[in-house]
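Worksheet: the structure to be examined is printed underneath.
The numbers here are math on the coordinates, done by the rules we state, and not lab data. Please read these numbers as outputs of a predicted model, since none were measured by experiment. FYI the Cβ positions are ideal-geometry reconstructions off the backbone, even for glycines, and counts take in every protein chain you see.
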Amino acid sequence: MIKIGKINFPEFPFLLAPMEDVSDPPFRRLCKMEGADLMYSEFISSEGLIRDAIKSKKKLEIFDYERPIGIQIFGGDEEAMSLSAKIVETVQPDLLDINFGCPVKKVACKGAGAGVLKDIDLMVKLTKAVVNSTKLPVTVKTRLGWDEKSINIDEVAERLQDVGIQALTIHARTRSQMYKGHSDWNYIARVKNNPRIQIPIFGNGDIDSPEKALEFKNKYGVDGIMIGRAAIGNPWIFKQIKHFFKTGELLPPPTLKERIEAVKKHALWSTEWKGERTGLLEMRQHYSNYFRGIADFKPYKSQLLSTLSIDELNTVFHTILKEKDIH
Ligand SMILES: Cc1cc2nc3c(=O)[nH]c(=O)nc-3n(C[C@H](O)[C@H](O)[C@H](O)COP(=O)(O)O)c2cc1C
C-alpha cells in the first residue's frame, strides 16, 4: 500500500492535478465527492506568499473534507521557497508539493517551474531547502526535461529522492512541448523500473477515459494516476474510472439533470468562496465543458454566460429543465 507521510492511499490512487484558476476549493469539492483520492491546490508563488500577496494567501485555504490535500508552491529562490514552506505548514495540509513543471513563460523563463529543469543542481538545492524547512511530507511534480534533447527525468528522480521527497509526479512531456503533442509515458516507466527508485511514482498526461487509465496503469506500472484537463467539466471521471477498474463496465455519461445539479453546486460554492459576482464570472469558463455533447445547448449556453447571480443561474436551469421536459 502506498503511504505518504500519514496518508494511507487506496491500492491505486487517482489524483486531481493542480490547475491554476481551476482546482480551487469549489471544484475540488466536486472532485472529492466523485472519488478523487488526493487533490492539490493551484500552484502558489513563493514570492507572493512571502510578500503576503492576497491572491497567494487565498490559495492556501483548505478544508477538512478535502483531505488528503496537498499545497503546491513554485519559485526559484532558496530562501523564498524555504520561508514559503514554513508558511504552508501553518495551514497544515497533508503534504507540500513543489512545482518544477510549469511551462508558461512568466514562470519558466524566470527560473521557476519547468525553468528549474535546466539546472538540476538548483532543483536539488531548492528541494532540499523545502524539505529541511518543514515537517510536512514534500513531493514534486515535474516534466521529462526542458526539451527533447535534454530529457533528464531519470537523474532528477534519483537526486530528488536522495534529498527526501516522498513521491514524484511526472507529466510525460517536456517544457518545449507545453501541452502539445502526446505525452510519452515510456519515460515514466523507465523511472519506475529504476531499482534505485523507492518512492511512489505518479503518472500524468492525457488520461481522459477509464479505458486509457487501465491501459496506462498496466503498460507503464505507475503507482497512481493524476488527471487534469479531463476532469474539467467532468469531475465524474474519477468515479467512472474506479467503476471501470472494479467491474470492467463503463458507467453511462451523466444525464443533463446530473450536470445541472453539479454546476449548481459548483456555482454556489464558488459564490460562497469568492463572492457572487466574481464566483459567477469565473464559472463562465466551465459551462462549455460541463455541457459538452448535449444537443441543442448553444442558446442556453449564451444565457448561462450572461448570469451574474445565483438566482439568474437557477432561472436558466429551470427553463432548460422545463423546455426539455426533465423532472
Ligand atoms: C488550466 C491549467 C492549469 C494548470 N495549472 C497547473 C498548476 O498550477 N500546477 C501544476 O503543477 N500543473 C498545472 N497544470 C498542469 C496539470 O497539472 C497537468 O500536469 C497537465 O494538464 C497534464 O495533465 P492532463 O493531460 O491530465 O491535463 C495546469 C494545466 C492546465 C490545463
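Side notes on the structure shown:
- 0 to 90° range, to nearest 10: angle between helix 237-247 axis and the chain longest Cα axis: 80 degrees
- Straight-line cross-link partners of Lys301 among the aspartates and glutamates, defined as a Cα under 20 Å from its Cα and at least 8 positions apart when in the same chain: Glu258, Glu261, Glu276, Glu282, Asp311, Glu312, Glu323, Asp325.
- Net lengthening on full extension, Leu60/Glu155 (0.36 nm per residue, minus Cα-Cα): 31.1 nm
- Extents of the stretch 18-69, largest first, come to 35, 19, 15 Å (Cα atoms, principal axes, whole angstrom).
- The stretch 248-295-the stretch 112-137 distance, computed between alpha-carbon centres (Å): 36 Å
- A straight line joining the Cα centroids of the stretch 56-96 and the stretch 206-247 runs 26 Å.
- The stretch 7-114: trypsin sites (Lys or Arg not before Pro) falling in loop per DSSP and having at most 15 other Cβ within 10 Å: Arg51, Lys110
- Rg to Rh, two decimals, where the chain supplies the alpha carbon set and Rh follows Kirkwood: 0.98
- Net +/- balance of residues flanking Asn289 in space, Cβ distance below 14 Å, scoring K and R +1, D and E -1: +2
- Sparsely packed loop sites in the stretch 1-93 (the GluC sites (Glu not before Pro) outside DSSP H, G, I, E and B with at most 10 other Cβ atoms within 10 Å) comprise Glu11.
- Relative contact order, percent, the chain [alpha-carbon distance under 8 Å, six or more residues apart]: 14 percent
- Result for the chain in a Gaussian network model with C-alpha springs under 10 Å: among Ile54, Ile241, Ile62, the largest mean-square fluctuation is at Ile54.
- Violating pairs (Cα-Cα greater than 18 angstrom) within the set Lys298/Lys324; Lys239/Lys298; Lys212/Lys242; Lys57/Lys274; Lys57/Lys86: Lys239/Lys298
- Of the trypsin sites (Lys or Arg not before Pro) found in the stretch 119-193, those in coil by DSSP whose Cβ has at most 13 other Cβ atoms within 10 Å are Lys135, Lys180.
- Model label sites at Ser302 and Lys86, defined 7 Å from Cα along the beta-carbon direction, differ in position by 5.6 nm.
- Angle between the chain longest axis and helix 153-162 axis [Cα atoms, degrees, rounded to 10]: 70 degrees
- The stretch 28-135, relative contact order in percent, only Cα pairs under 8 angstrom and at least six apart counted: 25 percent
- Whole-number D in µm² s⁻¹ for the stretch 256-323, Kirkwood Cα-pair radius fed into Stokes-Einstein, 25 °C, 0.890 mPa s: 208 µm²/s
- Computed on the stretch 227-327, with alpha-carbon pairs under 8 angstrom and 6+ residues apart, the relative contact order is 26 percent.
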